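The values are calculated or read from the model by the stated rules, or taken from the named source; none is laboratory data. As the structure is a computational prediction, the values presented were derived from the model and not from experiment. With ideal geometry, Cβ positions are generated from the backbone for all residues, glycine too; neighbour counts draw on all protein chains shown.
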């Protein structure tokens with residue numbers, strides 16, 4: 001279903017819409033706005049998936065026993081060998 005609505009744009013946004021329609025990138029200003037909204041919807045969906053994955057990982061790590069933790073000096077030893085500059089302390 002298509003709904004008719006009234007939108008207001010800044011001069012900058014309006015010029016951009018007119019330019020893109022004139023270049024043939026979009027068939028109409030409505031098509032350009034619809035494409036932008038679809039991209040926003042996809043971005044929100046991807047963000048929700050990423051945040052859900054991060055939350056799942058945090059929950060899983062919270063279940064890690066303290067005995068399974070790695071001491072920081074051991075965890076970062078290899079990186080320190082590459083990044084430490086002798087005498088920089």
With the structure loaded, tell me whether residue 66 is exposed (fewer than 10 other Cβ atoms within 10 Å of the Cβ), over 30 Å from residue 20 (Cβ atoms) and either modelled with pLDDT of 95 or more or touching a helix residue (DSSP H, G or I) at 6+ places or on another chain (Cβ under 8 Å) (or both) or whether it fails that test.
no
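Please list, ordered by residue number, the helices (runs of 4 or more DSSP H) wholly in region 20-89 having 1 or more residues that are within 21 Å of residue 10 (Cα to Cα).
Qualifying helices (runs of 4 or more DSSP H): 29-62.
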Does residue 16 meet the test of being modelled with pLDDT of 95 or more, on the phi < 0 side of the Ramachandran plot, assigned to a loop (DSSP other than H, G, I, E, B) and surrounded by 10 or more Cβ atoms within 10 Å (Cβ to Cβ)?
no
Which one of the conditions (1) surrounded by 10 or more Cβ atoms within 10 Å (Cβ to Cβ); (2) at pLDDT below 95 does residue 21 fail to meet, given that it meets all the rest?
(2)
